[in-house]
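Structure first, then comments.
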Amino acid sequence: MAAKDLWTTDPRIELRAGPDFDLAELDRNGQPGWEGDKDDGEAYLPERGEEMSELQERLYAEGRDDGTRSVLLILQGLDTAGKGGIVRHVVGMVDPQGVALASFGVPTEEELSHHYLWRIEKELPPAGRIGVFDRSHYEDVLVVRVDELVPEEVWRERYDEINAWEKKVVEGGTTIIKVALMVSYAEQGERLMERLERPDKYWKFNPGDIDTRSKWPAFQEAYADVFRLTSTDHAPWYVVPADKKWYSRLAVTEILTRTLEEMDLGWPEADFDVEEMRKALDALEESHR
Ligand code: ADP
């Protein structure tokens, strides 16, 4: 039996940020647009995953056939928000050959010697791929702002610069989807504590996470500005409540799938004579009989 589609509103409308977005109002334990429960969500996820996977194959085929289009999913969120889970459980539902994953940590010395977009530009997805950024150039207006790694007049300029740069990327054929996973303070505390209580989770813990957590209000302020200033028509932000992992995975899957559906992806025409090839294959079979 097919699982039920319990989306009452397109999450791309429900979760989209804009100039008036108020981050303080977000219910991070909410599930906007989905009227089912966790079981309903978990039942529906693989169904949409299958659809997403077929669309991704079409995109890949188009890329092999001189297409120029690609998709870029940018993932942001504080530690424990579930970026890794999105990569594993959402992106993991499509053929890994069609995915180009890049993670951005503390910049290397070489990266720091270049413009901050240099290392980002290098990882843009080639035609036919779904690129996934685990963190991104937004760190350059988040951690860089909070930790005062550059003066304010430098990071202030970056919002407009990022908007203009993303516009160019979109004009080059890449559809940009920006997803911020927003976990609550209490939930983050529990997830961090869990990492310290389970030997199989120690590897995920980084002593720096405590330092970041201690700067929670500053990060919220920096995120709020990102949403207000860089959610454009060409590259919108979707702010996803992330206390319920099943919801954030379901919502991101839906956003990706609906975006791919709207790209109107077909299958490439054969660039050979199908009938002639069939005959040639038949003839070969005959001669081996
Ligand atoms: P994660 O914490 O996502 O598992 P890593 O441990 O590799 O990944 O590193 C992420 C860290 O890199 C984060 O603390 C993030 O703030 C930091 N980082 C990313 N981009 C920048 C940047 N441009 N400048 C400074 N720090 C950055």
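The values are calculated or read from the model by the stated rules, or taken from the named source; none is laboratory data. What you see is a predicted model; the values in this text were computed from it and never measured. Methodologically, a virtual Cβ is constructed for each residue, glycine included, from the backbone with ideal geometry; neighbour enumeration extends over all protein chains shown. Remember, those area values only see protein heavy atoms, side chains included, never the ligands or the DNA or RNA. Shrake-Rupley method; radii C 1.70, N 1.55, O 1.52, S 1.80 Å.
What's the number of the only condition in (1) within 30 Å of Glu194 (Cα to Cα); (2) of a type in the set (A, V, I, L, M, F, W, C); (3) not in a helix (DSSP H, G or I) that Leu149 fails to meet? With respect to (1) within 30 Å of Glu194 (Cα to Cα); (2) of a type in the set (A, V, I, L, M, F, W, C); (3) not in a helix (DSSP H, G or I), Leu149 is out only on (1). For the residues Phe227, Phe219, the requirement of being within 16 Å of the ligand (Cβ to nearest atom), assigned to a helix (DSSP H, G or I), surrounded by 16 or more Cβ atoms within 10 Å (Cβ to Cβ) and at pLDDT 95 or above singles out Phe219. Is at least one residue of segment 91-102 within 13 Å of the ligand (Cβ to nearest atom), under 20 Å from the mean Cα position of the chain (by Cα) and farther than 24 Å from Tyr185 by Cα? So far as segment 91-102 goes, yes, one or more of its residues are within 13 Å of the ligand (Cβ to nearest atom), under 20 Å from the mean Cα position of the chain (by Cα) and farther than 24 Å from Tyr185 by Cα. Yes or no: Gly189 more than 16 Å from the ligand (Cβ to nearest atom), of a type outside the set (A, V, I, L, M, F, W, C) and open to solvent by less than 80 Å² (accessible area, probe 1.4 Å)? When the stated conditions are applied, Gly189 passes them. So for segment 172-181 (the condition being over 26 Å from Asp20 (Cβ atoms) and aliphatic (A, V, I, L, M)), does at least one residue qualify? Within segment 172-181, none of the residues are over 26 Å from Asp20 (Cβ atoms) and aliphatic (A, V, I, L, M).
The residue pairs whose first member lies in segment 132-153 and is closer than 24 Å to Thr253 by Cβ, whose second member is near the ligand (Cβ under 9 Å from one of its atoms) and open to solvent by 60 Å² or more (accessible area, probe 1.4 Å), and whose beta carbons are closer than 8 Å, counting only pairs six or more residues apart or on different chains, are Phe133/Ser103; Asp134/Ser103; Arg135/Ser103.
Test Pro207 against the criterion of being free of Cβ contacts under 8 Å to residues at least 24 places away in the same chain, within 14 Å of the ligand (Cβ to nearest atom), buried (at least 16 other Cβ atoms within 10 Å of the Cβ) and more than 24 Å from Leu15 (Cβ to Cβ), and give yes or no.
no
Only residues that are near the ligand (Cβ under 9 Å from one of its atoms), basic (Lys, Arg) and over 13 Å from the mean Cα position of the chain (by Cα) were counted across segment 103-145, and they come to 1. Is there a residue in segment 62-72 that is in contact with a helix residue (DSSP H, G or I) (Cβ under 6 Å, 6 or more places away or on another chain) and modelled with pLDDT of 95 or more? No, there is no match, as no residue in segment 62-72 is in contact with a helix residue (DSSP H, G or I) (Cβ under 6 Å, 6 or more places away or on another chain) and modelled with pLDDT of 95 or more. The condition of being modelled with pLDDT of 95 or more, surrounded by 10 or more Cβ atoms within 10 Å (Cβ to Cβ) and assigned to a helix (DSSP H, G or I) does not hold for Glu276. How about segment 1-44: which of its residues are part of a helix (DSSP H, G or I), under 20 Å from Glu262 (Cα atoms) and in contact with a Phe, Trp or Tyr (Cβ under 8 Å, 6 or more places away or on another chain)? Listed by number, the residues that qualify are Pro11, Arg12.
In segment 162-179, what residues are open to solvent by 20 Å² or more (accessible area, probe 1.4 Å), outside any helix (DSSP H, G or I) and of a type in the set (Val, Ile, Thr)? Thr175 - this is the single residue of segment 162-179 that is open to solvent by 20 Å² or more (accessible area, probe 1.4 Å), outside any helix (DSSP H, G or I) and of a type in the set (Val, Ile, Thr).
Number of residues in segment 242-265 that are assigned to a helix (DSSP H, G or I), over 14 Å from Arg58 (Cβ atoms) and either charged (D, E, K, R) or touching a Gly at 6+ places or on another chain (Cβ under 7 Å) (or both) equals 9. Counting only residues that are open to solvent by 40 Å² or more (accessible area, probe 1.4 Å) and within 15 Å of the chain's Cα centre (by Cα), segment 246-267 holds 2 of them.
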